[in-house]
Amino acid sequence: MAIRELLVVGLIAVSVPSGGGLGSLVGLSAERLLLADRVAAAKFGTSNPIDDPVREKQVLDRAAALATAAGLDTAGTVAFFRAQIEMSKVVQRGLFEKWTARPEQAPTKRPDLATEVRPALDRITGQFITQLAATRELRGPTAGCAVARRFAVVAADRRYHLDDLHDRALRGAVEPICAGPRQ
């Protein structure tokens, strides 16, 4: 991070209350991306592909239904969830490449997707809807939203000790937060 960027983030840190703003929403994205490690571990070395259109449709359909029930813009919410899924696949592909190149770093335990990983992902889906509703007034195509999102990403990077792969994925996952009209 450049010195100029650190100064801006420092100024934002002084003006944005801790735990407020977009921090919880971005933190959930980071948690979901860290779960992508477990998804990758479950799939690596098996015939299960990274892309799972059936599961992805289930997640997007559930997100749309929850968005409608919460009074959120369905299209915007689905776009947000699509970004979560796509960035999860970026993490999975990155880990597959790493583990293929360095087999000694590959996971030795394969978590069960159905009973261990997907329930955690489903829990986060519900929490996302709550946070999207709670941050409705903060989100939109404004400079304030972009600044708050940037601050929240830096805070999540620090809190979760994200490596470059997860940091890149987090930035992509939260891009829709400030896109389009307030949802």
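Structure values in brief
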read-out: Sequence-distant lysines (8 or more away, or on other chains) whose Cα lies within less than 26 Å of K109; value: K43, K89, K98
read-out: Gyration tensor verdict on the chain (Cα atoms; rounded if a/c is under 1.5, prolate if a/b is larger than b/c, oblate otherwise); value: oblate
read-out: The chain, dipole about Cα centre (Lys/Arg Cβ +1, Asp/Glu Cβ -1), debye to the nearest 20; value: 100
read-out: Order of exposure, largest accessible area first, which applies to T135, T46 with probe 1.4 Å; value: T46, T135
read-out: Karplus (6.51, -1.76, 1.60) ³J(HN,Hα), θ = phi - 60°, over the range 50-66, in Hz, Gly and Pro reported as x; value: 5, 6, 9, x, 5, 5, 4, 5, 4, 5, 5, 5, 5, 4, 4, 5, 5
read-out: Point-charge dipole on Cβ atoms (K/R +1, D/E -1) for the range 59-109, about Cα centre, debye to 20; value: 220
read-out: Whichever aspartates and glutamates have a C-alpha closer than 19 Å to that of K57, once near sequence neighbours (fewer than 8 apart) are set aside; value: D73, E86, D122
read-out: Exposure of H161 as accessible area (Å², to 10), given a probe of 1.4 Å and all protein chains; value: 150
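The values are calculated or read from the model by the stated rules, or taken from the named source; none is laboratory data. Keep in mind that what you see is a predicted model, and the values were worked out from it rather than measured. Cβ sites come from the backbone with ideal geometry, for glycine too, and all protein chains shown count toward neighbours. What goes into the accessible areas is simple: the full protein's heavy atoms, side chains included, and nothing from ligands, DNA or RNA. Shrake-Rupley method; radii C 1.70, N 1.55, O 1.52, S 1.80 Å.
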